[in-house]
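Q: To start, I am sharing the structure in question, which I have written as structure tokens.
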Amino acid sequence: MHDIAILAVLGFVVAFGASRILGRPTRWLLSAFVAGLAVLGAVIAAWPGTVQALSGVLAIAAGGTELVEYRQEVPALRREGVTARRLARLSVLAVLALASAAFLVGRTDAWLCNPESGFQWHAVWHALSAVAMALYAYGAIEPHPALARTRV
């Protein structure tokens, strides 16, 4: 469950970015995401040792789709400026950098790994990763127009 959750988040970022780049509807996004999860599950079931490699490939793909999407958004950024949603998405990079540092110093056999300690760097990595996911969701997913409230 631990590994598939990480892969699922990365897979969602890839599918979401691809759907926006290609101009596909939400139905396409969800179909691509579910199909991707099925493929990932089958690959992990057949070759359990591929989780690290899959994580790396999906992380690179997620970064790539984000870069392409940011590049396509430059005209709107110049026109509208930095909105709260754009700032949230940019903040994801900083939070993930901190999360990666916590992961590296706290993983098994790393210099700050201490299994007897009440403070665990791996837990910090999980918490920061959750913050990054929340920032990404806020920044990337626009509220449905029917749900948007207007103030009079």
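Values in this text are rule-based calculations from the coordinates and carry no lab data. Nothing here was measured: the structure is a model prediction, and the numbers come from that model. All Cβ positions, glycine included, derive from the backbone under ideal geometry; neighbour counts span all protein chains shown.
Q: Loop only by DSSP, 10 or fewer other Cβ within 10 Å of the Cβ. Give me the chymotrypsin sites (Phe, Trp or Tyr not before Pro) in region 91-135 that pass, ordered by residue number.
A: Loop-located and lightly packed - Trp111, Phe119.
Q: Under DSSP H, which helices of the chain have Cα atoms covering 20 Å or more of the helix axis and a Kyte-Doolittle average no less than 1.6?
A: 2-22, 26-46
Q: Looking at the chain as a GNM with Cα springs under 10 Å, which of Arg24, Arg78, Arg89 has the largest mean-square fluctuation?
A: Of the options given, Arg78 has the highest mean-square fluctuation.
Q: Right, another one. Considering only Arg79, Arg27, Arg107, give the residue with the highest GNM mean-square fluctuation for the chain, with springs between Cα atoms whenever their separation is below 10 Å.
A: Maximum among the listed residues: Arg79.
Q: I would also like to ask the following. Can you tell me which of Ala99, Ala84, Ala32 moves the most in a GNM of the chain? Springs connect C-alpha atoms under 10 Å apart.
A: In the Gaussian network model the winner is Ala84.
Q: Another question, then. Projecting each Cα onto the charge dipole of the chain (Lys/Arg +1, Asp/Glu -1 at the beta carbon, about the Cα centre), which of Gly106, Thr65, Pro75 comes out farthest on the positive side?
A: Towards the positive end, the residue furthest out is Pro75.
Q: Distance between the C-alpha centers of region 67-132 and region 2-45? Whole Å please.
A: If you average the Cα positions of each part, the centres end up 20 Å apart.
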